[in-house]
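J.: Questions regarding the structure given below will be posed in turn.
Every number here is computed from the coordinates shown, using simple stated rules; none is lab data. Nothing here was measured: the structure is a model prediction, and the numbers come from that model. Counting neighbours? That spans all protein chains shown, and the Cβs are built from the backbone with ideal geometry, glycine included.
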Amino acid sequence: MKSKQIILEMGIVVVSVLYGLGNVVSADRTESKKRPEPETQATRVIIEKRVQVRPEDLPEQVRKTLNDKSYAGWTIQDAYLVTADDGSQYFELVVRKTDEQSRMKIDKNGQVLN
């Protein structure tokens, strides 16, 4: 009788251990699915160099664009020459009209980029 009880207890222990291992392996698989792969989290870094420019030193084409009737009433507060990491350049202008403020990107030919 005792041997049947020992076998029964060992069987319960074995089943419990196997059930526990199954849960651990299952939890580990679930956890690994939640973690994103490092390759998918790549961040693109854009390096830009900004140099402040006096508004009166802006190219004539840029100033002509701002003198167009579409931009009547807007005045330049700050101007920057921006050089992107690919070597392209544009002017970033902080402009104001009464209580409104905005930023404009204009290339050296006076073409509005935004």
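J.: Using the Karplus equation 6.51 cos²θ - 1.76 cosθ + 1.60 (θ = phi - 60°), what ³J(HN,Hα) coupling, rounded to whole Hz, does each residue of segment 90-107 give in order, writing x for Gly and Pro?
T.: Listing the rounded values in order: 7, 9, 9, 10, 9, 10, 9, 9, 6, 9, 9, 10, 8, 10, 10, 10, 9, 7 Hz.
J.: Under a point spin-label approximation (7 Å from Cα along Cα-to-Cβ), what is the Lys49-Val82 distance to one decimal in nm?
T.: My value for the distance between the label points is 1.6 nm.
J.: As a test of understanding, state the convex hull volume per residue of segment 48-106 from its alpha carbons, in Å³. Working shown, then result.
T.: Details: hull volume 4.7 nm³, N = 59.
Cα convex hull per residue, to the nearest whole number: 79 Å³.
J.: Using a cut-off of 10 Å between beta-carbons, work out the net charge of the residues near Thr75 (Lys and Arg +1, Asp and Glu -1, Thr75 not included).
T.: Working: positive: Arg96, Lys97; negative: none.
Net charge around Thr75: +2.
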